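Just so it is clear, none of the values below were taken in a lab; they were calculated from the coordinates. Here the structure is a predicted model, which means the values were calculated and not measured. FYI the Cβ positions are ideal-geometry reconstructions off the backbone, even for glycines, and counts take in every protein chain you see.
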Amino acid sequence: MHLVSLSVTNFRNLSGVEINPSPGVNILHGNNGAGKTNLLEAIFVLCLSRSQRGATDSVMVKQGAEVYRIEGQIQQRGVMREVAVAYQRGGRKRITLDQVPVRARDLYENYCAVALGPEDTEILSGSPAVRRNFLDIYLSQFSSRYLACLVDYHKVLMHKNACLRLDGDPTPFNVLLVDHGAKIITARCEFIQELDRLAKECYAEISNGGSLRLTYQPSIPLEAGQTETDEIGQSFKVALAKHGERERSAQTSLVGPHRDEVLFQIGEYLARTHGSQGEWRTAAIAIKLAIYRLLRDKRQMRPVLLLDEVFAELDEQRSAALTKSFADFGQLFMTTATEPPECLRQQGRKFSVREGTVQEVG
C-alpha cells in the first residue's frame, strides 16, 4: 500500500498542507518544531484513525480552530480509495472511505502503518501501560479478531469497575471478561513469540551482534507453555476468584489483560533498569522493524513506514546498517533536521517543512 496524496487542515500546527508523496522514500526536512513530526502523526491518523503518540483528538486540533481534517488517496493492491478523518471539538470523530462513513476498525482491516520515533524508548524504559498500548496498536493491525476482542473486553471492564464502585456483584461481568480476555492473552502470547524471533534478528543486524529478548508476562499465572485459550480461561477464572475480595476492597479490577506486562532484555539484563539511552533507541528500532516484517508477511502488503529523526542517536555504524535495511521497505517517510545519507536523497522526494507549511523541493 502507499499514500498517493495527502491534505491536512488544522491538525496541530499544520494547515493547508497538500502533497503528493513518492511511493518510495519521502524526506521531510526542517528545523525542530517546524511540524515534521506532526505530519507523520497526521499520516498515521489517516491510516488508522489514532495517534501513534497516544494523543487525544482534542489535543490534535490546531489552536484557535474547531475542526481538524485529514484527507488522502491510498492505493492498495491496485485499488485507489479516498480516506478522510475529521474531528470537531466536543463532537465525534468522522471517518469515511470513498465518502461513506465507516468505523475505525474498517481502517485497521484495510491499511497498516508502523511509526518509529524518539518517544519509542518509552517502550523499553516506561510504564507497563506504555508497553500495553504499543502492543495493542500493532497487534490490532495484525489481527482484526484481536481488535474486536479488545474493544469488547474494555467495555465489560468499564462496567465491572463501575459495579465494584457501587459495591455490586461483579460475577456476571467476570464471565465475559474471561471469554474476551482469554482470547486476548492467547493472541498476545503468539504475537510476542513471533516478534521476539524477528526482533532478535533485527537487533543483531543493527547493533553488530547484540542480543535482545522479549517476554510476555500476563497478570494471570500460567503454566510454562500454556497457550490454549480454554486453559488460559480456566486460569483466569481461578485468578478472579482468588482476588475477588481484594477487588471489592480496591473497587477496581486487579487481574486481566489490562494489567499485563512485556519484558525486554538486552544482553543479560532487564532493559528498563539497566539499558542505556542508545541501547533503548536501538532496541526500539529493532522492535518496530520486526513489526513491519510481521505485518508485511501476515497482511501481504507493505505498511507505510514513518521514521521520526531515526538517525539522531545512532552512531555511524548503526546508521549505515539501518540505511541498508531500507531496501526491504515500500513507502517510507523520514524526518530529519540535518541532511540525510546521500543514498536516501537519491531515492525519492524531499519536502521542506517550515512553520506548519510543506513544500516539495528539488
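Structure above, values below:
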read-out	value
Expected 222 nm ellipticity per residue - DSSP helices of 4 or more, -39500 (n - 2.57), all of the chain, to 500	-14000 deg cm²/dmol
For the chain, convex hull of alpha carbons as volume per residue, Å³	147
Helix axis angle, 316-325 relative to the chain longest principal axis, alpha carbon, degrees	90
Cα-derived Rg over Rh, computed across the stretch 115-172 with Rh taken as Kirkwood radius	1.13
Relative contact order (%) - the stretch 124-298, alpha-carbon pairs under 8 angstrom, separation at least six	31
For the stretch 75-137, convex hull of alpha carbons as volume per residue, Å³	134
Tilt relative to the chain, helix 277-299 - C-alpha long axis, 0 to 90 degrees, to 10	90
Sum of side-chain charges, Val100 neighbourhood, beta-carbon under 13 Å (Lys, Arg +1; Asp, Glu -1)	0
For peptides 301-309, 79-87, 51-59, sequence by mean Cβ density within 10 Å, most packed first	301-309, 79-87, 51-59
Violating pairs (Cα-Cα greater than 29 angstrom) within the set Lys160/Lys288; Lys93/Lys200; Lys62/Lys350; Lys183/Lys298	Lys160/Lys288; Lys93/Lys200
Nearest 10 degrees, 0 to 90: helix 128-142 Cα axis against the chain principal axis	70
Equivalent ellipsoid, the stretch 237-316 (semi-axes from 5 times Cα gyration tensor eigenvalues, Å)	36, 20, 11
For Gly356, net neighbour charge (Lys/Arg +1, Asp/Glu -1) across residues whose Cβ lies under 10 Å away	+2
Exposure proxy ranking, count of Cβ atoms within 10 Å, fewest first, for Arg12, Arg299	Arg299, Arg12
Fewest-first ranking of Met158, Met334, using other Cβ atoms within 10 Å as the exposure measure	Met158, Met334
Evaluated at q = 0.09 Å⁻¹: base-10 log I(q)/I(0), Debye formula over Cα of the stretch 1-157	-0.30
